[in-house]
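Student: For reference, the structure I am asking about is given below.
The values are calculated or read from the model by the stated rules, or taken from the named source; none is laboratory data. This is a predicted model, so every value here is computed, not measured. A quick note on method: Cβ atoms are made from the backbone with ideal geometry, for glycine too, and the neighbour counts reach across all protein chains shown.
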Amino acid sequence: MTLEGKTVLLGVTGSIAAYKIAYLASALKKRHADVHVLMTENATNFINPITFETLTGNKCLVDTFDRNFQFQVEHVSIAKKADVVMIAPASANVIGKLAHGIADDMLTTTIMACKCKKFISPAMNTNMFENPVVQDNLKILEHYGYEVIAPACGYLACGDTGAGKMPEPETLLAYIEREAACEKDLKGKKILVTAGPTQESVDPVRYLTNHSSGKMGYAIAKAAMLRGADVTLVSGRTSIEPPMFVNLIPVVTARDMYEAVTSVSNEQDIIIKAAAVADYRPARISEEKVKKSDGQMSIELERTDDILKFLGEHKQHGQFLCGFSMETQNVIDNSRAKLAKKNLDMVAANNVKVEGAGFQGDTNVLTLITQDEEISLPLMSKEDAAFRILDKILSLMQDSVC
């Protein structure tokens with residue numbers, strides 16, 4: 001995910017967690033953001049400004065009246081070009097200053113001059129964080145448009161255990177990406193995405209499933225979230241972390257997924273069915289472990305609920321329905337049949353025998369099939385494929401309105 005062309009201001013205050021922001025600054029720079037770091041004098045006791053200057057390629061700003069700055073009023077010029085501000089770690093002192101309009105150093109004066117989105121990540125002793133004065137100041141900042149990132153709970157540097165721990169840099173990065181990475185062309189849209197495999201029990205020990213990793217569906221959910229959509233992700237069991245800022249509904253069986261999807265399908269603008277749902281399940285589930293024997297064994301199977309068929313039959317006016325088709329032969333013909341039979345608007349089809357496509361991997365090779373066209377996408381990451389799928393859906397929805 002790139003942040004090229006975006007300017008990010010990081011405000012670092014006097015907290016033991018200040019060293020972690022070096023990792024955040026590095027991650028932002030790797031995503032091609034223009035990163036500027038503002039530090040309080042107290043913060044320099046925890047990490048040297050040279051660290052940030054080396055990582056970002058920009059002078060670290062501490063002293064409002066440093067004569068080595070450029071001629072223009074530094075805190076105003078940087079504030080004007082900022083796309084997002086994050087104060088992390090944010091001490092009780094700086095939280096209080098910002099809440100009451102006190103601008104007496106480079107960090108507070110610059111942030112006061114910023115009109116962009118501002119995040120604040122409190123980090124302090126548990127008793128300080130829970131102090132009513134600090135809580136009131138955070139509410140004031142929220143009133144003025146700051147987004148407060150809730151601290152994590154855990155063992156603190158002071159030896160206490162509780163709330164007040166700054167979230168990890170990966171979490172802070174996710175907030176910045178959500179704000180600045182993409183144009184919010186899906187804002188106001190509700191999107192339901194299904195992902196991962198389903199599992200159908202044979203007995204208390206064994207189950208039937210497939211090779212789906214959930215990566216494609218998770219990539220679509222994250223891309224839709226970054227583009228401003230209200231995303232619900234219905235997911236079978238996977239080993240990957242779900243994207244932040246989506247409504248996750250975990251499921252296990254095909255029946256679980258059917259119930260989860262159909263309970264919210266009517267309110268969705270777009271539904272993308274990327275899950276690998278079992279077509280069959282054992283007709284009977286043994287209450288005890290089935291013991292092996294010398295002879296052969298067979299399992300009687302019955303059909304599961306056809307979620308996509310139900311959605312196609314009950315599609316709401318203006319709703320866009322996209323299915324996935326994973327084939328090993330006759331990919332286009334089979335996918336076109338699915339498009340018509342299930343009353344879909346688009347099918348994302350692939351052949352698991354094609355190198356780089358299918359389950360488990362981080363890449364995919366898709367063909368986007370609609371009533372009127374077939375768009376063959378080259379080998380690309382599943383993240384890039386997710387954006388291409390959403391681009392096409394948005395284009396088709398706009399065309400239908402015109």
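Student: Considering only residues that are out of contact with any strand residue (DSSP E or B) (no Cβ under 9 Å at 6 or more places or on another chain) and either polar (S, T, N, Q) or assigned to a helix (DSSP H, G or I) (or both), which ones fall in the range 348-365?
Tutor: Passing the criteria: only Gln360.
Student: Just to be sure before I move on: is Glu374 in contact with a helix residue (DSSP H, G or I) (Cβ under 8 Å, 6 or more places away or on another chain), touching a residue at least 24 places away in the same chain (Cβ under 8 Å) and of a type outside the set (Phe, Trp, Tyr) in the structure I sent?
Tutor: On the way: in contact with a helix residue (DSSP H, G or I) (Cβ under 8 Å, 6 or more places away or on another chain): yes; touching a residue at least 24 places away in the same chain (Cβ under 8 Å): yes; of a type outside the set (Phe, Trp, Tyr): yes.
So Glu374 fits the description; yes.
Student: Now, a different point. Pairs please, first residue from the range 318-347 and assigned to a helix (DSSP H, G or I), second anywhere and of a type in the set (Lys, Arg), Cβ atoms under 8 Å, 6+ apart in sequence or on different chains.
Tutor: These pairs meet every condition: Lys341/Lys309.
Student: If Gly162 meets every condition in (1) in contact (Cβ under 8 Å) with a residue 40 or more places away in the chain; (2) on the phi > 0 side of the Ramachandran plot; (3) surrounded by 15 or more Cβ atoms within 10 Å (Cβ to Cβ) apart from one, which number is that one?
Tutor: Gly162 satisfies all of (1) in contact (Cβ under 8 Å) with a residue 40 or more places away in the chain; (2) on the phi > 0 side of the Ramachandran plot; (3) surrounded by 15 or more Cβ atoms within 10 Å (Cβ to Cβ) except (1).
Student: Looking at Lys187, Lys117, Lys139, Lys165, which one is touching a helix residue (DSSP H, G or I) at 6+ places or on another chain (Cβ under 7 Å) and among the basic types (Lys, Arg)? Please lay out each step first, then the result.
Tutor: Values: Lys187 fails: touching a helix residue (DSSP H, G or I) at 6+ places or on another chain (Cβ under 7 Å); Lys139 fails: touching a helix residue (DSSP H, G or I) at 6+ places or on another chain (Cβ under 7 Å); Lys165 fails: touching a helix residue (DSSP H, G or I) at 6+ places or on another chain (Cβ under 7 Å).
Result: Lys117 is the single residue among Lys187, Lys117, Lys139, Lys165 that is touching a helix residue (DSSP H, G or I) at 6+ places or on another chain (Cβ under 7 Å) and among the basic types (Lys, Arg).
Student: Against the condition of a type in the set (Asp, Glu) and either surrounded by 11 or more Cβ atoms within 10 Å (Cβ to Cβ) or under 28 Å from the mean Cα position of the chain (by Cα) (or both), how does Asp333 come out, does it pass?
Tutor: Numbers: of a type in the set (Asp, Glu): yes; either surrounded by 11 or more Cβ atoms within 10 Å (Cβ to Cβ) or under 28 Å from the mean Cα position of the chain (by Cα) (or both): no.
Spelling it out, it is not the case that Asp333 is of a type in the set (Asp, Glu) and either surrounded by 11 or more Cβ atoms within 10 Å (Cβ to Cβ) or under 28 Å from the mean Cα position of the chain (by Cα) (or both).
Student: Turning to a different aspect of this structure: Six or more apart or on different chains, Cβ atoms under 8 Å: show the pairs whose first residue is in the range 214-230 and among the β-branched types (Val, Ile, Thr) and whose second is modelled with pLDDT of 95 or more and in a helix (DSSP H, G or I).
Tutor: Hits for this filter: Ile220/Ala386; Ile220/Ile389; Ile220/Leu390.
Student: Of all residues in the range 99-140, which are closer than 20 Å to Thr171 by Cβ and polar (S, T, N, Q)?
Tutor: Ser121, Thr126
Student: Looking at Ala123, Ala152, Ala99, can you tell me which residue is surrounded by 13 or more Cβ atoms within 10 Å (Cβ to Cβ), in the same structural domain as Ser15 (by TED's automatic domain parsing), among the small types (Gly, Ala, Ser) and in contact (Cβ under 8 Å) with a residue 60 or more places away in the chain?
Tutor: On the way: Ala152 fails: in contact (Cβ under 8 Å) with a residue 60 or more places away in the chain; Ala99 fails: in contact (Cβ under 8 Å) with a residue 60 or more places away in the chain.
Result: Ala123 is the single residue among Ala123, Ala152, Ala99 that is surrounded by 13 or more Cβ atoms within 10 Å (Cβ to Cβ), in the same structural domain as Ser15 (by TED's automatic domain parsing), among the small types (Gly, Ala, Ser) and in contact (Cβ under 8 Å) with a residue 60 or more places away in the chain.
Student: Follow-up question, since we're still on this one. Just to verify a result, which residue in the range 284-298, among those that are in contact (Cβ under 8 Å) with a residue 40 or more places away in the chain and under 40 Å from the mean Cα position of the chain (by Cα), is nearest to Phe324 (Cα to Cα)? Don't jump to the end; show me each part of the working.
Tutor: To start, the set of residues in the range 284-298 that are in contact (Cβ under 8 Å) with a residue 40 or more places away in the chain comprises 285-290.
Remaining after also requiring under 40 Å from the mean Cα position of the chain (by Cα): 285-287, 289.
Values: Ile285: 29, Ser286: 32, Glu287: 34, Lys289: 35 Å.
Checking each candidate, the answer is Ile285.
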